[in-house]
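The values are calculated or read from the model by the stated rules, or taken from the named source; none is laboratory data. Everything numeric here is computed off the predicted structure, so don't read it as measured data. We place every Cβ from the backbone using ideal geometry, glycine too, and count neighbours over all the protein chains shown.
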Amino acid sequence: MGSFVVYSKQHNILFQFSVNGALLRTRSTNETVADMCLTSNAKYLVHAGPKGQIVARDFSTLESVYKYQAQTPITSLATVGESLVVGGTGELWILRQKNGTQQQ
């Protein structure tokens, strides 16, 4: 079953809909989202924002499965294979999850 996610900046809520337009679930982000992307296998939705928190959510449930607190606001995200490319104010990181540990 296909689905897509829409973010409401006014309410800081993620809405997941089926491809037929039925609302499947909602989840609060608890902060503004500057950017979000799917992992290459479409298993996780990753989002981040101006407070520097990077959150990975299970795409099928939108439940948070991983959080990382950066020391700077995050302005953009991209996934490349198993890595997450993160852009902040004047900085760029490549994060990679390997065997349950985060590497930078």
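Hey, does the range 46-60 have a residue that's crowded, with 16+ Cβ neighbours inside 10 Å, touching a Pro at 6+ places or on another chain (Cβ under 8 Å) and without any contact (Cβ under 8 Å) to a residue 40 or more places away in the chain? Yes, the range 46-60 has at least one match.
Each residue in the range 27-42 was checked for being exposed (fewer than 13 other Cβ atoms within 10 Å of the Cβ) and within 13 Å of F4 (Cα to Cα), and 1 of them qualify.
Flag not set for L14, criterion: surrounded by fewer than 17 Cβ atoms within 10 Å (Cβ to Cβ), modelled with pLDDT of 90 or more and either of a type in the set (V, I, T) or touching a Phe, Trp or Tyr at 6+ places or on another chain (Cβ under 7 Å) (or both).
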